[in-house]
Amino acid sequence: MQHTLLVTGGAGFIGSNFVQHILSVQPDIAVVVLDKLTYAGNLENLDTVQADPRFSFIQGDICDVETVRAAMKGCDWVVHFAAETHVDRSILHPGSFVHTDVEGTLTLLEIAREYGVSRFVQISTDEVYGNAESPDGLSRPSLETDAIKPLSPYAASKAGADRLAFSYWATYGMPVVITRCSNNYGPYQYPEKQLPLFISNAMAHRPIPIYGDGKNTRDWIYVRDHTAALIKILYAPSEHIAGEVFNIGANEERSILENAQTILSRLGKSEDLLTFVPDRLGHVRRHAVNSAKLQRVLGWTPSVRFEEGIAETISWYQKNTSWLEHVLAKKDLFLENALQLGIKH
Ligand SMILES: NC(=O)c1ccc[n+]([C@@H]2O[C@H](COP(=O)([O-])OP(=O)(O)OC[C@H]3O[C@@H](n4cnc5c(N)ncnc54)[C@H](O)[C@@H]3O)[C@@H](O)[C@H]2O)c1
């Protein structure tokens with residue numbers, strides 16, 4: 001093998017899509033997944049690669065130094081997805097987000113420095129920008145050069161990890177690259193998140209909870225377009241990417257209400273299911289990113305339009321009802337509340 005890649009959080013939504021994608025297109029790579037299997041991690045997400053001799057899995061915590069040392073041994077590249085990721089949970093329990101997202105990233109960076117890895121991809125998020133706006137407050141898609149103004153404890157923890165990773169490039173010359181992607185959707189997404197929550201509730205004829213006036217917007221990207229961008233970044237010449245930040249987005253801005261209406265209409269359900277609930281605390285009005293830099297430097301563009309991606313996603317959830325049943329059987333109280341009643345604070 002030319003490269004051995006450590007993927008943290010590879011049993012989660014984006015991580016598992018990434019592992020499946022890279023193993024299918026890069027014959028020269030071996031992949032080691034390190035994942036704690038929190039409520040969001042699911043080995044079923046990796047079913048299609050379990051038999052691949054280039055794949056191995058370690059259950060463990062990125063905050064544990066010896067676990068990370070053992071997992072990273074022999075790896076020359078790292079892609080770091082593992083994190084606590086749900087904004088609503090971060091409002092309830094900020095401490096666990098700082099622990100995993102900041103301290104876990106610190107542990108990985110330290111061991112990566114010790115081993116001299118030749119590529120470290122920090123999966124950050126567009127949430128670090130807060131509301132998408134220019135320095136003088138004009139609403140427009142975020143640029144990599146914009147100030148970071150995270151609003152939720154999740155976003156603030158990710159911003160800490162993002163800048164910590166950057167500091168390892170600036171201080172130690174570690175070949176770090178940071179990506180800030182917009183909202184992902186697609187197969188294997190835990191149903192606490194907006195689109196799979198709407199899909200599962202619509203399929204089961206349960207209410208669709210809409211925050212506030214439903215007009216908050218996000219820029220939606222199909223997960224496979226995100227993973228394609230990451231593969232491009234991973235294989236790019238170091239001089240094009242080391243110490244750089246890249247936004248990744250699909251120019252598909254849509255409001256919560258529009259998403260709910262699209263899903264209800266595609267599933268042939270009535271809009272009577274729409275149920276307005278009190279707004280999320282500190283709710284960001286608009287997230288959107290300008291990805292021109294990634295297009296200019298590496299020639300990446302998204303290939304899946306929202307209408308096509310959402311059709312694929314709905315069809316995946318319809319075909320994989322046993323996946324959803326297994327997730328629900330874990331009896332996650334937070335998820336049960338979100339699915340049954342809308343989000344409760
Ligand atoms: N989902 C999005 O729309 C989006 C957008 C931009 C960036 N991101 C970032 O992408 C990454 C992956 O997001 P996702 O939506 O796939 O998340 P997810 O919640 O589906 O998966 C997170 C994974 O990390 C694992 N994990 C959590 N804590 C761990 C720990 N201490 N040690 C080891 N593993 C641990 C979980 O078990 C799970 O498998 C995150 O860093 C997130 O901030 C997500």
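The values are calculated or read from the model by the stated rules, or taken from the named source; none is laboratory data. Values in this document were obtained by computation on a predicted structure and should not be read as measured data. Cβ placement follows ideal geometry from the backbone for every residue including glycine, while neighbour counts extend to all protein chains displayed. For the accessible areas, the whole protein counts, side chains as well, though only heavy atoms, and no ligand, DNA or RNA atoms are used. Shrake-Rupley method; radii C 1.70, N 1.55, O 1.52, S 1.80 Å.
Judged by the gyration tensor of its Cα atoms, with axes a ≥ b ≥ c, segment 107-150 is prolate; a/c meets the 1.5 cut and a/b is the larger of a/b and b/c. Taking trypsin sites (Lys or Arg not before Pro) across segment 116-215, the ones in a DSSP loop with at most 13 further Cβ atoms lying within 10 angstrom of their Cβ are Lys215.
State in Å² the accessible area per residue of segment 1-59; use a 1.4 Å probe, count heavy atoms of protein chains only, and round to the nearest integer. Present the calculation step by step, with values, prior to reporting the outcome.
On the way: 2240 Å² over 59 residues.
Per residue, segment 1-59 has an accessible area of 38 Å².
Let me spell out the model: positive unit charges on the Cβ of Lys and Arg, negative unit charges on the Cβ of Asp and Glu, origin at the Cα centre of the chain. What dipole size does that give, in debye rounded to 20?
Details: 31 positive and 40 negative charges, 49 e Å.
Dipole about the Cα centre, nearest 20: 240 debye.
Of all the options Val289, Val128, Val297, the one that moves most in a Gaussian network model of the chain with Cα springs shorter than 10 angstrom is Val297.
Quick check: at a probe of 1.4 Å, how many percent of the accessible area of the chain sits on carbon and sulfur atoms? Each step should come with its number before you reach the end.
On the way: 7310 of 13750 Å².
After summing per-atom areas, the C and S share lands at 53 percent.
Dividing the mean sequence gap of close Cα pairs (under 8 Å, 6+ apart) by how many residues the chain holds gives a relative contact order of 17 percent. What percent of all Cα-Cα pairs in segment 211-345 falls in each 10 Å bin, counting up from 0? The calculated distribution, bin by bin, is 10, 29, 34, 20, 6, 0. Using the 1.4 Å probe convention, the accessible area of segment 119-268 works out to 33 Å² per residue with neighbouring protein chains retained.
Its Cα gyration tensor gives segment 250-297 an equivalent ellipsoid; the semi-axes, largest first and in whole Å, are 29, 18, 5. Placing a pseudo-label 7 Å from each Cα along the Cα-to-Cβ vector at Lys73 and Ser56 gives an inter-label distance of 0.9 nm.
Cα-based values for segment 1-72, radius of gyration first and Dmax second, are 11.5, 34 Å. Accessible surface for Tyr190 stands near 20 Å², nearest 10, in the context of the full protein assembly shown (1.4 Å probe). The Cα center of segment 161-224 and the Cα center of segment 49-82 differ in position by 23 Å. Accessible surface for Tyr211 stands near 20 Å², nearest 10, in the context of the full protein assembly shown (1.4 Å probe). Relative to the current alpha-carbon distance between Met1 and Arg296, full extension at 0.36 nm per residue lengthens the span by 103.2 nm.
Rounded, prolate or oblate: pick one for segment 295-345, where a ≥ b ≥ c are the square roots of the eigenvalues of its C-alpha gyration tensor, a/c under 1.5 means rounded, and failing that, prolate if a/b is larger than b/c, else oblate.
Details: a/c = 2.85, a/b = 1.97, b/c = 1.45.
Prolate is the answer for segment 295-345, as a/c is 1.5 or above and a/b outweighs b/c.
Between Glu308 and Asp136, the contour length at 0.36 nm per residue exceeds the Cα-Cα span by 58.3 nm. Hydrodynamic analysis of the chain uses the Kirkwood radius over alpha carbon pairs. Inserted into Stokes-Einstein at 37 °C and 0.692 mPa s, it gives a translational diffusion coefficient of 162 µm²/s.
If R0 is taken as 56 Å, the Cβ-Cβ distance between Tyr172 and Leu267 corresponds to a FRET efficiency of 0.65.
The distance between label points at Glu114 and Val25 comes to 3.4 nm (points 7 Å beyond Cα on the Cα→Cβ vector). Over all distinct Cα-Cα pairs of segment 1-155, the Kirkwood formula returns a hydrodynamic radius of 16.5 Å. Dipole orientation for the chain: of the candidates Ile178, Gln261, Phe246, Gln261 has the Cα lying most toward the positive pole (charges on Cβ; Lys, Arg +1; Asp, Glu -1). Taking amide H atoms as placed 1.01 Å from N in the peptide plane, the amide H of Glu253 lies under 5 Å from those of Trp220, each 5 or more residues away in sequence or on another chain. Taking a ≥ b ≥ c as the square roots of the Cα gyration tensor eigenvalues, with a/c under 1.5 meaning rounded and otherwise prolate when a/b beats b/c, else oblate, which class fits segment 117-216? Oblate is the answer for segment 117-216, as a/c is 1.5 or above yet b/c matches or exceeds a/b.
A simple spin-label model places pseudo-atoms 7 Å from Cα toward Cβ; at His240 and Thr275 they are separated by 4.9 nm.
Legend: helices of the chain (whole DSSP H runs) are marked when their alpha-carbon atoms reach 18 angstrom or more along the helix axis and their mean Kyte-Doolittle hydropathy is at least 1.0; marked are 13-25.
For segment 141-250, the residue among Ala161, Thr217, Ser142 whose Cα projects farthest onto the positive side of the dipole built from Cβ charges is Thr217. Comparing Tyr317, Gly41, Pro27 along the charge dipole axis of the chain, the residue lying farthest to the positive side is Tyr317, per the Cβ-charge model.
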